Amino acid sequence: MSTLKRSPADFAFLGGTPAFADLLPVGQLYFPSWERYEAAMRGIFERGWFTNHGPLAQTFERRFAELVQVRNAVTVTNATLGLVMGAKALGLTGTVVVPSFTFVATAQAMTWAGLEVSFADVDPHTHQLTPATVEPVLDDDVSAVLAVNLWGGTCGPSALEALCAERGLTLLFDSAHGTGVSVDGRPLGGHGALEVFSFHATKTLSATEGGCVCTDDDELAARLRNIRSSYGAGEPVAVEVTGNGRFSEAQAAIALLSLEDLPANVANNAMLHAAYVDSLAGIDGIRVVAPTGADESAFPYLVAQVDEEAFGMSRDALVSLLAAENVVARRYFRPGVHRLPPYRDAPRNHTLRLPVTEHLARTLVQLPIGALVDLAAVEQICSLVAAAHRFAPRLHVEEAA
Ligand code: T4K
């Protein structure tokens with residue numbers, strides 16, 4: 001049976017056949033073949049060394065440090081914990097400025113580290129923090145800025161470095177989306193005091209769960225290693241508090257295989273991204289937002305912006321229509337972290353308005369890109385979007401909650 005939408009009745013939400021038989025999620029979800037995974041696991045079992053900074057974790061740290069050209073790559077259980085431990089290792093106090101337009105973990109990691117969070121708006125074109133969006137929220141309580149390199153682009157780290165140097169603020173980066181991204185002729189990893197990467201399964205480099213804190217500051221790295229665990233601490237240095245942020249051998253094994261596959265996976269993302277750009281170009285009211293501020297991107301997300309009036313349907317209605325077709329589009333990062341608990345309840349945020357963040361949270365959609373997507377799938381998703389636009393005046397879609 002054809003899944004082309006030739007009339008409103010062909011849409012799955014009205015009883016037609018879904019365009020895809022299986023759910024197509026947003027997320028990179030690249031995974032090595034079972035054979036390579038099994039061989040890597042066999043090695044771990046034969047060595048009988050499963051965690052506590054084993055040989056695979058050590059090898060991965062060396063290779064990732066080479067990839068991003070930094071002196072120290074400190075692996076951790078996930079990026080959220082990496083941000084908490086990074087803030088602790090830096091000895092941050094007071095208030096940290098973060099963008100509200102980010103995954104909630106960016107801010108929550110600072111809260112876990114005992115810091116106050118002050119939210120800044122982002123640039124409407126790049127979706128990133130800039131000196132112009134940070135400056136209005138700087139006050140005497142602010143000691144640091146946690147900038148986010150979003151969507152496989154960057155926030156332009158050098159301009160923020162200049163601002164923070166001038167104001168005497170510590171600058172750190174959430175580069176959860178940043179593997180394979182370079183700016184000003186070098187990879188993300190060595191900017192600010194530290195940068196934190198995520199190796200979650202939905203990221204381009206995957207350890208299923210995982211993360212890494214990168215820094216060129218050897219003393220900071222020594223504190224981080226001691227906070228993470230006595231295993232892999234190298235030299236014991238005094239730290240206020242220790243935890244468990246270890247990266248297991250199973251995580252490291254997958255991360256090493258993922259590192260081998262990174263060039264091919266990035267090339268695949270680039271091809272799929274270009275196909276989306278081409279196929280969505282002719283449809284009024286929707287446009288692909290390209291990663292900005294980067295010399296090279298790994299294209300971890302396909303971000304599109306919907307102009308409800310020109311498209312004929314809201315972003316939330318489009319998401320609902322696609323879900324019925326088994327395309328699980330995401331709406332990152334709604335409603336903006338300042339509107340989520342616990343932050344929305346803080347008196348300082350009651351009257352806080354971040355118009356760009358709030359607009360992006362209402363209009364952006366992320367479409368599937370990564371391992372589970374091929375060119376035919378991109379074509380089919382774009383033809384669904386085109387049909388949604390064409391038939392919009394005759395479709396009454398209930399908006400996704
Ligand atoms: N900073 C930023 C800017 C971030 O974006 C993130 C995480 C962090 C910090 C923190 O990093 P970590 O502590 O996680 O290392 C996902 C991810 O869980 C999260 O890692 C990511 N950012 C965030 C943007 O997205 P969800 O809840 O939206 O997606 P999830 O996990 O449900 O997966 C997406 C789709 O993929 C689903 O439809 C299910 C599918 N899926 C997922 C997994 C994990 C699969 O089919 N198989 C799988 O194994 O959060």
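Here are the numbers for this structure:
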quantity: Cut-off under 5 Å, modelled amide H: who pairs with VAL145 long-range; calculated: VAL97, THR170, LEU171, LEU172
quantity: Crossing angle, helix 55-68 versus the chain [Cα axis fit, 0-90 degrees, rounded to tens]; calculated: 70
quantity: Per-residue SASA entry for MET271, accessible area with 1.4 Å probe, Å² rounded to 10; calculated: 80
quantity: Residue order for THR351, THR202, THR179 - accessible surface, 1.4 angstrom probe, largest first; calculated: THR351, THR202, THR179
quantity: Solvent exposure ordering (accessible area, 1.4 Å, most first) of ASP218, ASP278, ASP316; calculated: ASP278, ASP218, ASP316
quantity: Pairwise FRET efficiency - ASN52 versus GLU240, Cβ, R0 = 35 Å, nearest 0.05; calculated: 0.95
quantity: Rounded to the nearest 20 debye, dipole of the stretch 34-257 from Cβ charges on Lys, Arg, Asp, Glu; calculated: 860
quantity: Inter-site label distance for THR93 and TRP112 at 7 Å from Cα along Cβ, in nm; calculated: 2.3
quantity: Virtual spin-label span in nm between ALA132 and TRP34, 7 Å along Cα→Cβ; calculated: 5.4
quantity: Residues in the stretch 11-37 that a label on ALA323 would reach, taking backbone N under 18 Å of a point 7 Å out along Cα→Cβ; calculated: 11-16, 18-27
quantity: Table column - 3J(HN,Hα) (Hz), the stretch 379-394, Karplus curve with 6.51, -1.76, 1.60, x for Gly and Pro; calculated: 4, 5, 4, 5, 6, 5, 5, 4, 5, 4, 5, 4, 9, 3, x, 9
quantity: GNM flexibility winner over the chain from VAL97, VAL137, VAL181 (Cα, springs under 10 Å); calculated: VAL137
quantity: The stretch 34-257: relative contact order in percent, alpha carbon pairs under 8 Å with at least 6 residues between; calculated: 28
quantity: Per residue accessible area in Å² of the chain, where ligands, DNA and RNA are left out and the probe is 1.4 Å; calculated: 42
quantity: Most mobile of SER182, SER158, SER100 in a GNM of the chain (Cα contacts under 10 Å); calculated: SER158
quantity: Size of electric dipole in the chain: Cβ of Lys, Arg +1 and of Asp, Glu -1, about Cα centre, debye, nearest 20; calculated: 680
quantity: Accessible area of LYS88 in the full protein assembly, 1.4 Å probe (Å², nearest 10); calculated: 80
quantity: Choice from ARG225, ARG36, ARG339 showing the highest fluctuation, given a GNM over the chain with Cα pairs closer than 10 Å; calculated: ARG36
quantity: Semi-axes of the equivalent ellipsoid for the stretch 179-263, Cα gyration tensor, largest first, Å; calculated: 24, 18, 9
quantity: DSSP-defined antiparallel bridges as percent of all bridges, the chain, nearest 5; calculated: 55
quantity: Shape of the stretch 53-114, Cα gyration tensor, a/c cut at 1.5; calculated: prolate
quantity: Carbon and sulfur %, accessible surface of the chain computed with the full protein complex present, 1.4 Å; calculated: 53
quantity: Length added when fully stretched, ALA270-THR3, from 0.36 nm per residue minus Cα-Cα; calculated: 93.5 nm
quantity: Modelled label reach - SER383, point 7 Å along Cα→Cβ, the stretch 1-38 residues with backbone N closer than 13 Å; calculated: 1-7, 19-20
quantity: Rounded to whole Hz, the Karplus (6.51, -1.76, 1.60) HN-Hα couplings of the stretch 147-160, x for glycine and proline; calculated: 8, 10, 9, 9, 6, x, x, 9, 8, x, x, 5, 5, 6
quantity: FRET efficiency, ASP374 to GLU399 (Cβ-Cβ, R0 35 Å, nearest 0.05); calculated: 0.75
quantity: In Å, descending, principal axis extents of the Cα set of the chain; calculated: 69, 56, 37
quantity: Segment ASP295-LEU14, extension gain: residue separation times 0.36 nm, minus the distance between their alpha carbons; calculated: 96.7 nm
quantity: Descending principal axes extents, the stretch 209-258, alpha-carbon based, whole Å; calculated: 34, 22, 16
quantity: Convex hull of the stretch 34-257 built on C-alpha atoms - directionally averaged projected area, nm²; calculated: 11.9
quantity: Cα long-axis angle, helix 218-228 against the chain (0 to 90 degrees, to the nearest 10); calculated: 80
quantity: Largest to smallest accessible area among GLU240, GLU195 [probe 1.4 Å]; calculated: GLU240, GLU195
quantity: The stretch 169-225 shape via C-alpha gyration tensor axes, a/c threshold 1.5; calculated: oblate
quantity: ³J(HN,Hα), Karplus 6.51/-1.76/1.60, whole Hz, each residue of the stretch 293-302, x for Gly, Pro; calculated: x, 10, 6, 9, 10, 9, 6, x, 9, 9
quantity: FRET efficiency estimate (nearest 0.05) - Cβ-Cβ, GLU66 to ALA159, R0 35 angstrom; calculated: 0.80
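The values are calculated or read from the model by the stated rules, or taken from the named source; none is laboratory data. This one's a predicted model, so the numbers in the text were calculated from it and none came from an experiment. Neighbour counts run over all protein chains shown; Cβ positions are idealised from the backbone, glycine included. The area values use the complete protein model at the heavy-atom level, side chains included, leaving out ligands, DNA and RNA. Shrake-Rupley method; radii C 1.70, N 1.55, O 1.52, S 1.80 Å.
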